[in-house]
Amino acid sequence: MPALEIATLGGGCFWCTEAVFSALTGVQKVIPGYTGGHIDQPDYKSVCSGTTGHAEAIEIHYDPAQISFETLLLVFFATHDPTTLNRQGHDIGTQYRSVVYYHNPAQQKILQDTIRQLTEEGIYDQPIVTECAAATTFYAAEAYHHAYYAQNPYQPYCQAVISPKLYKLQKRYQHLLRR
């Protein structure tokens, strides 16, 4: 078994980000959950209230020999809008903020360098507002949130919001997808 590393990303609804990152070669496991807040053992209802400080996020367990942290970040920035504060599409609130929780100084540097590179390249019309924070306790979401898209691909939200993200992923990052 390869030595896996962890990346923790919040890019809006965790159903979306879980579906995107589960499709990548080198990603062994993606867990939807909550992090970055100020109460222990948050649940979906409390996080959705916007009062816990948590972001909906995913914890990605990946093999760095197959996919790098930088590549994960490039996919992250390409598959959500890092220029909107506390919002992704129709999902509005601090729980939907764009955020990367780094696990060590190397991830922090790669994150800062990636944001600087994307900014210098003028990829976005607006400034990147993605929060960069040290990883804190990650709480796995309730079981019904896990593999949500895989279990509900024809649900209207999945069709309207997640399927276009997967299309964008396939179009731009075909070479990174599981075969």
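The values are calculated or read from the model by the stated rules, or taken from the named source; none is laboratory data. Just so it is clear, the model here is predicted, and its values are computed rather than measured. Here the Cβ positions follow ideal geometry from the backbone for every residue, glycine too, while neighbour counts run over all protein chains shown.
Taking the range 95-145 as the region of interest, how many residues are part of a loop (DSSP other than H, G, I, E, B), modelled with pLDDT of 95 or more and among the β-branched types (Val, Ile, Thr)?
5
Does the range 16-30 contain any residue that is at pLDDT 95 or above, in a strand (DSSP E or B) and not hydrophobic (A, V, I, L, M, F, W, C)? Walk me through how you get there before you give the answer.
Just the residues of the range 16-30 that are at pLDDT 95 or above, to begin with: 16-30.
Next, from what is left, pick out any that are in a strand (DSSP E or B): 24, 27-30.
Now restrict to residues that are not hydrophobic (A, V, I, L, M, F, W, C): 28-29.
The answer is yes, given that some residue of the range 16-30 is at pLDDT 95 or above, in a strand (DSSP E or B) and not hydrophobic (A, V, I, L, M, F, W, C).
Conditions first: (1) modelled with pLDDT under 95; (2) under 15 Å from the mean Cα position of the chain (by Cα). Ile92 passes all but one, so which condition is the exception?
Result: Ile92 passes all but (2).
Scanning for something over 25 Å from Lys171 (Cβ atoms), hydrophobic (A, V, I, L, M, F, W, C) and modelled with pLDDT under 95, does the range 58-78 turn up at least one residue? Break it down stepwise before answering.
Residues of the range 58-78 over 25 Å from Lys171 (Cβ atoms): 59, 61, 64-65.
From what is left, the residues that are hydrophobic (A, V, I, L, M, F, W, C) are 65.
So of that shortlist, the ones also modelled with pLDDT under 95 come out as none.
Scanning the range 58-78, I find no residue that is over 25 Å from Lys171 (Cβ atoms), hydrophobic (A, V, I, L, M, F, W, C) and modelled with pLDDT under 95, so the answer is no.
Any residue in the range 30-47 that's under 20 Å from Tyr144 (Cβ atoms): show its pairings with residues that are part of a strand (DSSP E or B) and polar (S, T, N, Q) at Cβ separation under 7 Å, as long as the two are six or more apart or on different chains.
From the range 30-47, the pairs are Thr35/Thr8.
Checking Gly53 against (1) in contact with a strand residue (DSSP E or B) (Cβ under 9 Å, 6 or more places away or on another chain); (2) outside any strand (DSSP E or B): exactly one of these is not met. Which one?
Failing condition for Gly53: (1).
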